[in-house]
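The values are calculated or read from the model by the stated rules, or taken from the named source; none is laboratory data. For clarity, every value in this text was computed on a predicted model and none was experimentally measured. Note that we place each Cβ from the backbone using ideal geometry, even for glycine, and neighbour counts take in every protein chain shown.
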Amino acid sequence: MDAIILQILNGLDKGSAYALIALGLTLIFGTLGVVNFAHGALFMIGAFVAVTLQRVFSLSYDQVDPTKTDFLGNPLVVQIPYIESWFGPEVGHWLMDWSVPLAIIAAIPVMLIVGFVMERGLIKHFYKRPHADQILVTFGLAIVLQELVKYFFGANPIQTGAPDAFAGSMDFGVLLGFDPNVIIYPYWRLVYFGFAALVLGGVFAFLQFTTFGMVVRAGMADRETVGLLGINIDRRFTLMFGLAAAVAGMAGVMYTPILAPNYHMGMDFLVLSFVVVVVGGMGSLPGAVAAGFLLGILQSFASMNEIKSLIPGIDQVIIYLVAILILLTRPRGLLGRAGVMED
Amino acid sequence: MGILEVKNVGKRFGGLQALSDVNLSVQENSVHAIIGPNGAGKSTLLNCFVGKLIPDTGSVMFNGQSVLGLKPHQINQMGISRVFQTPEIFSDLDVMENVMISCFARRDGSFRMHPFETVAHETDIVEQAEKMLTEVNMIDKRHMHASSLSRGDKRRLEMAMCLAQEPKLLLLDEPTAGMARADTNNTIDLLKEIREKRDITMAIIEHDMHVVFSLADRITVLAQGTPLVEDTPENIKGHPKVKEAYLGEAA
Amino acid sequence: MKMLGLSRKDTTFLLIVIALTLFTPILLQPFPEGSGLATFNAGYPDLMQRFAIFGIFAIGFNILFGLTGYLSFGHAAFLGVGSYSVVWMYKLLGYSVVPGILLAVVVSAVFALVIGFISLRRSGIYFSILTLAFAQMSYNLAYSVLTPLTNGETGLQVYTNDPQVLMGENSPTSPHFFGIVMNESSKLNVGGWEFTFNNGYYFTAIVAILVFYLSMRIFRSPFGLMLRAIKTNQTRLNYTGLNSRPYTLAAFVISGMYAGLAGALMASMDPLAGAERMQWTASGEVVLMTILGGAGTLMGPILGAGFIKYFENIFSKINDNMLHQWFAWMPDGIENFLIGVSHFFVGKSWHLTLGLLFMLVVIFLPGGLVEGGQRIARRFRSRKSKDDGSEAQTQPAE
């Protein structure tokens, strides 16, 4: 029992990331009819917004500290971050410590702009082109974005820590009446799950309760009819693209303490998120979320030693196996409508 | 016994009974028209003949063999060809290649691995295709890209592709839909000509009464998924039930 | 001039390809060693081998994608399988490449038959994702449970204690074809220019010419016609009494065999096989080559493969010193600016150029280089006919 709970918890954070990326993918597909292979790159850009903010906060200048000397007897040169000298050491330190959550605030405008530029500058011209062309051009874009990040940030993963307040783990088992040290779960992963739930809830509420969201949902169901009503659906769809980019970016920001950002993380997550979208059903929002969590949890179950010893290698392939089975038996996915993209 | 025997066919989509109790017999070498108001189930019925849909009840026999559960290509190999409402052709290929594919399908069946033969060396296929194109007056357009043909020519090409297979039964799904009067008349003439030249049975789904009355030997009127009457064109013209069905649609 | 069952035009075409392939080592070495422009030489044996090998890979991919329009994102898996097969034959039998290449083609065919049989039950993007899923599965398994077969991250290679039962006393100790050792070469001096004739290159080149000829025959065959028909209109094909499934499956298996052969040749040049060859970015590369050259055309994939491998080589070799040399004649400010900009695209950033190129081709030249060439040729022709005046408006293109 405790092992099962532990695996469910372990699956939640990966599942949250899958769900957030897949949500944007399926939103873009449902509204714009575009298969966006560059969506993983947006997740990566988000992560690197956090890295950048952390670097900006730790920009320092050298100052000679006359009270101390180094081992040669010369006055010690210490590096003082600018923010510490501007806001005082305490606030400065707090800002550096909390750079990851703070990066969310920076990421929203950045990702919206990236999203708008991408949609207006490139994707717009591909609405009427075949899906293969869309895949290829966004694949090219993903390579470009990834290489740019590699150029500026290097090929090695960059450790980016969570705030000290969330360091360490929580003994979850004790809460549920199990022995101590059985179910241990890092605090930050809980934060990530909570954050994902909040964003997912926000997006669904936005689509459900605003006029804007209603139009977008109607457009996803039947684009032509909505167009006939004289509603400028295109501008709303552009905004949707920005929104999807922002969701992916925020998912990336918050994921940095779990996975040290590297330039190819976008591609890694993209392939899996695509599988998630297909399993959930192309163009189905609840499907994407459900499938994201489902596959995240399945993956962590498959990596249990008991299961691995039963079926060797299952942890490596479980997601793909599920996707293959679903595609063959139910091409519309778990919650998708029939006939979407089945030529 | 007709070449196509439809018995008690019914088909339901969710809450909608699209077809119920359809009985129909298409006689060999005749032109049988199926008419009816919009939503009467004409296209659904046609799709049951070609393997796109499988009816819930009843049977569809072609030449004494059931077609139910067979794939479209298997049914075609039995001798049923279909002309679509909007012409379905290979628009990236040229006119000649379009017809040659039909000739290959007739000669080699549904699949043959022939990767090291050369299309240009298949003289019998080339000859057949050229003969077919001459018959529909398109031989001078044989090297044109199919996508650059006019709509009327696309229809002709599709007809040529179907005829190149020498089908026993030709199904036509509103062959004049969306055509101007002149084009419609051309199509009628073409169909009449085809009929005179070869032994062929045709089943036509049509909206345009002019087309129906100038071609059909027998007419079945379908309304709300069931045949109302089946008779000769002369008798159908003044039939009260038919008027009712069509007036009902107008009102 | 007709031969081998080809039309006159195709025969000429084939002869040009043969000539180009055989003279590649000379053509790619136009500048004398030691001269300032030697950077643009590409006459290294390993690079030329890569041209031929990736050419084979792309020719095969084109039979599937170019003709039927089914976009596979998993062809690198067959490449990897081909390499592993060859290295296993080295380990068990000895360094002759023949058994390995035969085994590679057979194994990749079986592998493609299984994956294709399942994946082809769906079309469009679903097919792409199924092939991607299979390739990623193979890649992950090669790194984990299949380690006894693949030697995991180290990569499969020959060890001294391997059986190598067919190795005789005097057998070469590196890959060879009936005694012709792949990585040996002969050099020729002509007036101070040095040309390299590399056994490995000529072996791969001859194989490449053979498989190019086969792909030519496939393109011109009724089978090829059916494949093109599948891309255009599958509905009509089915209602013409043709079953598209076995045709697409055959195309999938053939292209898988080409990929397996390419993988086998890689291991024939360098007796190593690693799982990274199966990664989906490698599949993406072959897609790029095919599109860049022109999908569905005979020449396209070869052009694409050559273009990418050549520029990959050149661009990754360019370094700061060279940039300084080239831009030295400019005012300092502009020089530094140009060097800064060039930095994005050369050296280790070559992939950025590749991605950009990919986008530009899909956006502006969906037909690839071949179509671009045709467009230019047509423009020239129309200008010429305008000058002539008499011959204007002859016939529609093609």
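Hey, can you tell me all the residues within the stretch B:106-120 that are without any contact (Cβ under 8 Å) to a residue 12 or more places away in the chain and either facing another protein chain (nearest Cβ under 7 Å) or surrounded by 20 or more Cβ atoms within 10 Å (Cβ to Cβ) (or both)?
Scanning the stretch B:106-120 gives B:111, B:113, B:114, B:115, B:116, B:117, B:118, B:120.
Going by what's in this entry, would residue A:136 be described as over 22 Å from residue A:46 (Cβ atoms) and part of a helix (DSSP H, G or I)?
yes
What about residue A:149, is it touching a residue at least 24 places away in the same chain (Cβ under 8 Å) and part of a helix (DSSP H, G or I)?
Criteria met by residue A:149.
Conditions first: (1) under 22 Å from the mean Cα position of the chain (by Cα); (2) surrounded by 16 or more Cβ atoms within 10 Å (Cβ to Cβ). Residue B:59 passes all but one, so which condition is the exception?
(2)
Taking the stated definitions as given, is residue C:218 of a type in the set (A, V, I, L, M, F, W, C), more than 24 Å from residue C:64 (Cβ to Cβ) and more than 14 Å from chain A (Cβ to nearest Cβ)?
For residue C:218, the condition - of a type in the set (A, V, I, L, M, F, W, C), more than 24 Å from residue C:64 (Cβ to Cβ) and more than 14 Å from chain A (Cβ to nearest Cβ) - is not met.
From the list B:19, B:68, B:24, which residue is at pLDDT 90 or above, in a loop (DSSP other than H, G, I, E, B), more than 9 Å from chain C (Cβ to nearest Cβ) and in contact with a Pro (Cβ under 8 Å, 6 or more places away or on another chain)?
Being at pLDDT 90 or above, in a loop (DSSP other than H, G, I, E, B), more than 9 Å from chain C (Cβ to nearest Cβ) and in contact with a Pro (Cβ under 8 Å, 6 or more places away or on another chain) holds for just one of B:19, B:68, B:24, which is B:68.
Residues in the stretch C:221-247 that are in a loop (DSSP other than H, G, I, E, B) and either more than 8 Å from every other protein chain (Cβ to nearest Cβ) or in contact with a strand residue (DSSP E or B) (Cβ under 6 Å, 6 or more places away or on another chain) (or both): how many?
1
Within the stretch B:121-217, considering only helices (runs of 4 or more DSSP H) that don't extend past its boundaries, which have at least 1 residues that are of a type outside the set (A, V, I, L, M, F, W, C), buried (at least 19 other Cβ atoms within 10 Å of the Cβ) and assigned by TED's automatic domain parsing to the domain that holds residue B:49?
Ranges flagged: B:181-197.
Which of the residues spanning the stretch A:304-318 are touching a residue at least 12 places away in the same chain (Cβ under 8 Å) and within 11 Å of chain C (Cβ to nearest Cβ)?
Answer for the stretch A:304-318, where residues must be touching a residue at least 12 places away in the same chain (Cβ under 8 Å) and within 11 Å of chain C (Cβ to nearest Cβ): A:314, A:315, A:318.
Identify, please: which residue in the stretch C:104-135 is polar (S, T, N, Q) and closer than 28 Å to residue C:88 by Cβ and is, among those, farthest from the chain's Cα centre (by Cα)?
C:119
Could you look through the stretch A:275-287, keep only residues that are within 14 Å of chain C (Cβ to nearest Cβ) and modelled with pLDDT of 85 or more, and pick out the one that is nearest to residue A:193 (Cα to Cα)? Full working, then the answer.
If we filter the stretch A:275-287 for residues that are within 14 Å of chain C (Cβ to nearest Cβ), which is where we start, we get A:275-283.
Restricting the remaining residues to those that are modelled with pLDDT of 85 or more gives A:275-281.
Working: A:275: 21, A:276: 18, A:277: 19, A:278: 23, A:279: 21, A:280: 20, A:281: 23 Å.
Per the stated criteria, the residue is A:276.
Tell me the helices (runs of 4 or more DSSP H) entirely within the stretch C:60-147 that contain at least 3 residues that are of a type in the set (Phe, Trp, Tyr) and within 14 Å of chain A (Cβ to nearest Cβ).
In the stretch C:60-147, the matching helices (runs of 4 or more DSSP H) lie at C:124-143.
Which one of these does residue C:181 not meet: (1) touching a Leu at 6+ places or on another chain (Cβ under 8 Å); (2) more than 14 Å from chain A (Cβ to nearest Cβ); (3) not aromatic (Phe, Trp, Tyr)?
Residue C:181 satisfies all of (1) touching a Leu at 6+ places or on another chain (Cβ under 8 Å); (2) more than 14 Å from chain A (Cβ to nearest Cβ); (3) not aromatic (Phe, Trp, Tyr) except (1).
Is it the case that some residue within the stretch B:79-90 is more than 9 Å from every other protein chain (Cβ to nearest Cβ), farther than 28 Å from residue B:183 by Cβ and at pLDDT below 95?
Yes; the residues of the stretch B:79-90 include at least one that is more than 9 Å from every other protein chain (Cβ to nearest Cβ), farther than 28 Å from residue B:183 by Cβ and at pLDDT below 95.
Which is among the aliphatic types (A, V, I, L, M), within 30 Å of residue C:364 (Cβ to Cβ) and assigned to a helix (DSSP H, G or I), of C:259, C:295, C:250, C:267? Even if it seems obvious, please write down each step before you answer.
Numbers: C:295 fails: assigned to a helix (DSSP H, G or I); C:250 fails: within 30 Å of residue C:364 (Cβ to Cβ); C:267 fails: within 30 Å of residue C:364 (Cβ to Cβ).
Residue meeting the stated conditions: C:259.
Just one of A:175, A:112, A:200 is under 19 Å from residue A:241 (Cα atoms), away from chain C (no Cβ under 14 Å) and surrounded by fewer than 18 Cβ atoms within 10 Å (Cβ to Cβ); which is it?
A:112
So residue B:53 clears everything in (1) of a type in the set (A, V, I, L, M); (2) outside any loop (DSSP other than H, G, I, E, B); (3) without any contact (Cβ under 8 Å) to a residue 60 or more places away in the chain except one condition, right? Which one?
(2)
Taking the stretch A:229-257 as the search range and keeping residues that are farther than 18 Å from residue A:30 by Cα and modelled with pLDDT under 80, which one is surrounded by the fewest Cβ atoms within 10 Å (Cβ to Cβ)?
My answer is A:230.
Would you be able to tell me the number of residues in the stretch A:158-193 that are under 23 Å from residue A:45 (Cβ atoms) and either of a type in the set (Gly, Ala, Ser) or out of contact with any Asp or Glu (no Cβ under 9 Å at 6 or more places or on another chain) (or both)?
Of the residues in the stretch A:158-193, 6 are under 23 Å from residue A:45 (Cβ atoms) and either of a type in the set (Gly, Ala, Ser) or out of contact with any Asp or Glu (no Cβ under 9 Å at 6 or more places or on another chain) (or both).
Can you pull out the residues in the stretch B:133-177 that are free of Cβ contacts under 8 Å to residues at least 24 places away in the same chain and of a type outside the set (A, V, I, L, M, F, W, C)? Let's see the steps before the verdict.
Residues of the stretch B:133-177 that are free of Cβ contacts under 8 Å to residues at least 24 places away in the same chain, as a first pass: B:134, B:137, B:139-140, B:148, B:150, B:153.
Those that are free of Cβ contacts under 8 Å to residues at least 24 places away in the same chain and of a type outside the set (A, V, I, L, M, F, W, C): B:134, B:137, B:140, B:148, B:150, B:153.
For residue C:84, work out the one condition from (1) at pLDDT below 95; (2) over 16 Å from the mean Cα position of the chain (by Cα); (3) under 24 Å from residue C:100 (Cα atoms) it doesn't fulfil.
(1)
Checking residue A:128 against (1) within 8 Å of another protein chain (Cβ to nearest Cβ); (2) outside any helix (DSSP H, G or I), which single condition isn't satisfied?
Answer for residue A:128: the failing condition is (1).
With assigned to a loop (DSSP other than H, G, I, E, B) and among the hydrophobic types (A, V, I, L, M, F, W, C) as the only criterion, which of A:199, A:182, A:216 stands out?
The conditions single out A:182.
So which residues in the stretch A:129-150 are within 14 Å of residue A:270 (Cβ to Cβ) and touching a Ser or Thr at 6+ places or on another chain (Cβ under 8 Å)?
Residue satisfying the conditions is A:135 alone.
Sort through C:305, C:282, C:267, C:259 and tell me the only one that's aliphatic (A, V, I, L, M) and either over 15 Å from residue C:75 (Cβ atoms) or within 13 Å of chain B (Cβ to nearest Cβ) (or both). Reasoning before the result, please.
On the way: C:305 fails: either over 15 Å from residue C:75 (Cβ atoms) or within 13 Å of chain B (Cβ to nearest Cβ) (or both); C:282 fails: either over 15 Å from residue C:75 (Cβ atoms) or within 13 Å of chain B (Cβ to nearest Cβ) (or both); C:259 fails: either over 15 Å from residue C:75 (Cβ atoms) or within 13 Å of chain B (Cβ to nearest Cβ) (or both).
Of the residues listed, the single one that is aliphatic (A, V, I, L, M) and either over 15 Å from residue C:75 (Cβ atoms) or within 13 Å of chain B (Cβ to nearest Cβ) (or both) is C:267.
Within the stretch B:80-105, can you find the residues that are within 22 Å of residue B:130 (Cα to Cα) and surrounded by fewer than 18 Cβ atoms within 10 Å (Cβ to Cβ)?
Within the stretch B:80-105, B:91, B:92 meet the criteria.
Are any of the residues in the stretch A:281-301 more than 15 Å from the chain's Cα centre (by Cα), among the aromatic types (Phe, Trp, Tyr), part of a helix (DSSP H, G or I) and surrounded by fewer than 24 Cβ atoms within 10 Å (Cβ to Cβ)?
Yes, the stretch A:281-301 contains at least one residue that is more than 15 Å from the chain's Cα centre (by Cα), among the aromatic types (Phe, Trp, Tyr), part of a helix (DSSP H, G or I) and surrounded by fewer than 24 Cβ atoms within 10 Å (Cβ to Cβ).
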